[in-house]
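Quick notes on the structure that follows.
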Amino acid sequence: MTRAAGLLAVLLMLAGAPACAQDRAPSSPADPSARTPLATPTTDPLADGPRRPTGAADAARLLAAALDVITDPEATPDRVEVAGHAEQLAVREVSTHPRWTERVLERLPRRFRAQTRTNLEARLAFRSMHPTTAADLADELPAWRIVRPAAAAELRRHYRDAERRYGVEWEYLAAINFVETAFGRIRGTSVAGAQGPMQFLPSTWDIYGEGGDIHDPRDAIMAAARLLQANGFGRDKAGALRRYNNSAAYVRGVSLHARVMQQRPRALDGYHAWQVYYLTERGSVWLEEGYAARRPVPVDDYLEQHPEALP
């Protein structure tokens, strides 16, 4: 294995990010609407900001509205940011209610069904990498900083440049960046010492970094492309990804997110708005931009000061 697992206790995913047994309605991720009672839905499902869906029909409604915005080239950045977060919350909630899945997909416009199904599959793949009981989950929040990531347009240029230079499809680089650190939102070092937006061990960086800055988005993306190329990405994508993180679930999750972006390149803009949720024994805690801790923080202490981070 060329590197250790990155900061997969989050998310994300990425979503596509990992979940836990407690990720169900009473302890799902925090969202802005959790700070006040949910308003009666308006004709615009996103008018009140991102929120957890209350059922399958509501999830389909929120997903359709969010994906309409994400795929609209005229949508404003602020609108896309709300839509991406709303998409994330809906995917998280549906993934904890398997009986909802087909009902949600049936209610979605046909053009959004494959993308949503793939995101749900990715979510479940990453979920399988984590403990299933609260007793095995963290009682502390990490010594991280959560910052605003580089703009999606800037990152897309870096991915495409890396693809041209090294033959690694840009969607895979974007998916790794998404899953590892939510596109660089997370500034922190993994328990194994991996660093930067693409989570390199310093020893691996010495081989592929070519003198760059491990924390610089462009340098890190280029290094990841060199690493994947060296490990035979052109011949065996799954094998190269396995060398990046030695987990079949990781390979599947990254590949699924890459597939979404291959089919719908603007999906990157939606993913870019997905937030950081950290798995704890108390449930998933939303680490908003501005979170900063130099040492681990007891989750109970944090929630006393930030109750809105856990509904």
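The values are calculated or read from the model by the stated rules, or taken from the named source; none is laboratory data. As the structure is a computational prediction, the values presented were derived from the model and not from experiment. With ideal geometry, Cβ positions are generated from the backbone for all residues, glycine too; neighbour counts draw on all protein chains shown. We work out accessible area using only protein heavy atoms, side chains counted, and drop any ligands, DNA or RNA first. Shrake-Rupley method; radii C 1.70, N 1.55, O 1.52, S 1.80 Å.
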Note to self: Helix-only estimate, please: 222 nm mean residue ellipticity of the chain, summing -39500 (n - 2.57) across DSSP H runs of length 4 or more and dividing by its residues, to the nearest 500.
What the structure shows: -14500 deg cm²/dmol
Notebook entry, point to check: Using all Cα-Cα distances in the stretch 159-311, what percent lands in each 5 angstrom bin from 0 up to the longest?
Noted result: 2, 9, 17, 21, 19, 14, 10, 6, 3, 1, 0
Checklist line | Relative contact order of the stretch 43-183, pairs being alpha-carbon contacts under 8 Å that are 6 or more residues apart, as % | finding: 18 percent
Item checked: Per residue value of the accessible surface for the stretch 42-134 (all protein chains in place, 1.4 Å probe), Å² -> 43 Å²
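Please compute the net charge surrounding residue 264, taking Lys and Arg as +1 and Asp and Glu as -1 over other residues with Cβ under 15 Å from its Cβ. Walk me through the intermediate numbers first.
Details: positive: 110, 111, 113, 117, 156, 259, 266; negative: 68, 72, 87, 169, 171, 269.
Charge balance near residue 264 sits at +1.
Compute the projected area of the convex hull of the Cα atoms of the stretch 105-168, averaged over all viewing directions, and report it in nm² to one decimal place. If you can, show how the numbers build up before the last one.
Values: hull surface 33.6 nm².
Approximately 8.4 nm², given one-decimal rounding.
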Notebook entry, point to check: What residues qualify as long-range amide H neighbours of residue 280, i.e. H under 5 Å apart, gap of 5 or more or another chain, H built at 1.01 Å from N?
Noted result: 285
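Note down the net charge around residue 301, summing +1 for each Lys or Arg and -1 for each Asp or Glu among other residues with Cβ under 13 Å from its Cβ. All intermediate terms of the calculation are to be shown ahead of the outcome.
Values: positive: 282, 295; negative: 139, 140, 300, 304.
In short, -2.
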Note to self: With a 1.4 Å probe and all protein chains left in place, how much of the accessible area of the stretch 161-311 comes from carbon and sulfur atoms, in whole percent?
What the structure shows: 43 percent
Item checked: Top of 249, 65, 135 by mean-square fluctuation, Gaussian network on the chain, Cα under 10 Å -> 135
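Report the net charge of residues surrounding residue 252, where surrounding means a beta-carbon distance below 12 angstrom and charges are Lys +1, Arg +1, Asp -1, Glu -1. Intermediate results must be reported in sequence, preceding the final value.
Values: positive: 123, 127, 237, 242, 259; negative: 121.
Local charge sum for residue 252: +4.
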Check: Could you give the distance between the Cα centres of the stretch 188-242 and the stretch 113-138, to the whole Å?
Finding: 24 Å
Item checked: Rounded to whole Hz, the Karplus (6.51, -1.76, 1.60) HN-Hα couplings of the stretch 212-221, x for glycine and proline -> x, 9, 4, 9, 7, x, 5, 4, 5, 5
Check: Which one, [x] 49; [y] 36; [z] 17, gives percent of Cα pairs over 34 Å apart as derived from the coordinates shown?
Finding: [z]
Note to self: Between helix 110-127 and the chain, what is the angle of the helix's C-alpha long axis to the longest principal axis, kept within 0 to 90° and rounded to the nearest 10?
What the structure shows: 70 degrees
Note to self: Just to confirm, what accessible area per residue do you get for the stretch 177-311 at 1.4 Å probe, in whole Å²?
What the structure shows: 41 Å²
Check: Counting DSSP beta bridges with both partners in the chain, what percentage is antiparallel, nearest 5?
Finding: 90 percent
Check: So how many Å³ per residue does the convex hull of the Cα atoms of the stretch 91-201 work out to?
Finding: 147 Å³
Item checked: the stretch 200-246: trypsin sites (Lys or Arg not before Pro) in DSSP coil with no more than 16 other Cβ atoms inside 10 Å -> 235
